[in-house]
Amino acid sequence: MDPQQQQQQTTATATPSQKQLSKDEVHKFLKSAVDLAIGSGEYHHRAVSELQNNITQYAIKKLGAVKPASTKCVVTCTVVQNTDAGFHITNALHWDDSCDTVVTYNFQNKAMNIVLTAYLITT
């Protein structure tokens, strides 16, 4: 088979690309991850690692089940005890805005602040 025939065969058998997730869909998954993991909503220093792990694993699992195969997903979670002190988070990204997405969900109650960010990068 010559290279042109191989290219035509590859193109003909390629699966159609899935629709990119909307920011609203991603935001919904991030919110549900926090809502399910938050429990009593109280801040306990010893439980922060488990809380972060539960939140990020749930978000990755849900996003992984619905994202297009050509999309990589990264989820970060920041948990800070609410002590009336400020905190700042900055992200610098260099990518293609037409196909890559970043979505952030912020949760705050009297005990803590949670910032959950999902990066979806099309490969």
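The values are calculated or read from the model by the stated rules, or taken from the named source; none is laboratory data. Just so we're clear, the structure is a prediction, and the values are computed from it rather than from any experiment. Note: ideal-geometry Cβ built from the backbone for every residue, glycine included; neighbour counts use all protein chains shown. Ligands, DNA and RNA are stripped out before the accessible areas are found, and what is left, the full protein with its side chains, is counted by its heavy atoms. Shrake-Rupley method; radii C 1.70, N 1.55, O 1.52, S 1.80 Å.
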Seminar exercise, completed: Leu21 vs (1) touching a helix residue (DSSP H, G or I) at 6+ places or on another chain (Cβ under 8 Å); (2) open to solvent by 70 Å² or more (accessible area, probe 1.4 Å); (3) part of a loop (DSSP other than H, G, I, E, B): all pass except (2)
Problem set entry | Extreme residue, least open to solvent (accessible area, probe 1.4 Å), among residues of the range 58-94 that are under 18 Å from Lys19 (Cα atoms) and touching a Phe, Trp or Tyr at 6+ places or on another chain (Cβ under 6 Å) | Leu63
Problem set entry | Residue list for the range 94-109, restricted to those being touching a residue at least 60 places away in the same chain (Cβ under 8 Å) and assigned to a loop (DSSP other than H, G, I, E, B) | Cys99, Asn109
